[in-house]
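Novice: After the structure tokens below, expect a handful of questions from me.
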Amino acid sequence: MSGSTHAHTRPSARQPEFEPPSRWHVRRPRRRTRKLLVAGALLLVVAAAVAAFLLTRSDEPGERATAKRDLLPAGRVVGAPIPVGASPTSLVSSPDGIWVATAPEGRVLRVDQGLSRMQRPGAVIGGRPVALTAAFRSIWVASSDSNMVSRFSPHTGLVLERIPVGDSPGWLTADEQRIWVVNREDDSLTAIDPRTNRVSGRPIKVGDDPTAVVYGHKAVWVTNSGDDTVSRIDSRTRRLVETIDVGDHPTGATISGKAVWVANFEDDTVQRIDTTSNRVVATIPVGDGPNHPRMGKTIWVPNTRDGTLTRIDPETDRVLGLPVKLGQTVDRVSAGVENLWVISYADQTLIRVEGAK
């Protein structure tokens, strides 16, 4: 046959040199001998199975442990979900507690991390608060309807200052000297000086429909959901350094090591940007509708549309364990002292999650 590795040979017409006489016959093995043959055959089968297992299994204990962890949930819910009484829009952790912004009543509520108990009535902010950050011994709140950032004291619960910013502020973060705010409707980035409680300098133009901002490596990183880019701004010169193409509808980011991790809401992916090259170096599938990842010991990604939480190892770019199902939606996550805290807008709850070891 064409292509075969074995050549066909014609049977030889030569008679064998030795042929037993016709009166000879092969004696059938005794019963004991047959049992030994069967036992031997079984031993060969078992030996072959053991050999196959040894050849296919990993000899590294760490790899076996990793495979086992991959089959476990990435975390577990601690206690019962805490009702917040109104639609939660954002949260942040501080040494004083967990702070949750609610709309449309415009309050910021405090949860005691140890007791897992909501303290009411909370601070009245107004203007539909949508984002929080803790910095400079204060809680800063961006309100999209009033175009204000409010600064209030976590000790007294009183609003200390209301600062006008751009049109529809949607997210904010802090560096060593400033509060940075993205304004969705005018595609800008605003800096606030906490010493004066006033806007510092002119607004900085970024991409279309900025949704989030994070700080790291002497730069401010802005996700632009309207044009699927990330803007890198030098925090000292306030100049645009790079515009980086990412996935479909980036909605949030976090910093870990020498990487910026971007959640793409419509792609169901998280992408890793190398801060040295300003290029995407990894794309990781996650749940449905990821947004606003957060860095603890690992990276946690809330998936809005399927109500799950995904955990990523920043060293290997791999998903750790199975997604944690938490509710109808999972919208924001913050790392507390010992646990994660997650809000579900659809369920109007705050959920405490313990990360898997």
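The values are calculated or read from the model by the stated rules, or taken from the named source; none is laboratory data. Computed from a predicted structure; not experimentally measured. Cβ: placed from backbone, ideal geometry, glycine included. Neighbour counts: every protein chain shown. These accessible areas exclude ligands, DNA and RNA; they are computed on the full protein's heavy atoms, side chains included. Shrake-Rupley method; radii C 1.70, N 1.55, O 1.52, S 1.80 Å.
Novice: For all pairs of alpha-carbon atoms in the stretch 223-303, what percent lies in each bin of width 10 Å, listed from the first bin to the last filled one?
Specialist: Reading the bins upward from 0: 20, 54, 23, 2.
Novice: Could I ask something else about it? Would you give the gap between the C-alpha center of the stretch 124-194 and the C-alpha center of the stretch 80-118, rounded to a whole Å?
Specialist: When both Cα centres are located, 17 Å separates them.
Novice: In addition: Apply the Debye scattering formula to the stretch 135-178, with a single equal point scatterer on each alpha-carbon and no solvent, then give log10 I(q)/I(0) at q = 0.14, 0.29 Å⁻¹.
Specialist: Normalising to I(0) and taking log10 leaves -0.32, -1.08.
Novice: Right, next: Quick one: if the Förster radius is 41 Å, what FRET efficiency do ARG137 and ARG76 give, using the C-beta to C-beta distance and rounding to 0.05?
Specialist: For R0 = 41 Å, the calculated efficiency reads 0.80.
Novice: Against the empirical 2.2 N^0.38 Å scaling, what ratio does the C-alpha Rg of the stretch 259-326 come to?
Specialist: Cα Rg divided by the expected 2.2 N^0.38 Å: 1.02.
Novice: Turning to a different aspect of this structure: Quick one: with all protein chains in place, what share of the accessible area of the stretch 170-315 is carbon or sulfur, to the nearest percent (1.4 Å probe)?
Specialist: For the stretch 170-315, the apolar C and S fraction of the accessible surface comes to 42 percent.
Novice: Can I ask one more? Rounded to two decimals, what is Rg over Rh for the stretch 169-257 when you use alpha-carbon atoms and the Kirkwood radius?
Specialist: Radius of gyration over Kirkwood radius for the stretch 169-257 works out to 0.94.
Novice: Using 7 Å Cα-to-Cβ label points, what is the GLU161/ARG236 separation (nm, one decimal)?
Specialist: Distance between label points: 2.5 nm.
Novice: Under 16 Å Cα-Cα from LYS218, which aspartates and glutamates qualify once same-chain neighbours fewer than 8 residues away are excluded?
Specialist: Answer for LYS218, where 16 Å is the Cα cut-off: ASP175, GLU176, ASP234, GLU242, ASP274, listed by chain and number.
Novice: For the pair SER277 and LYS218, how long in nm is the line joining their label points, each one 7 Å along Cα→Cβ?
Specialist: The two pseudo-label positions are separated by 2.2 nm.
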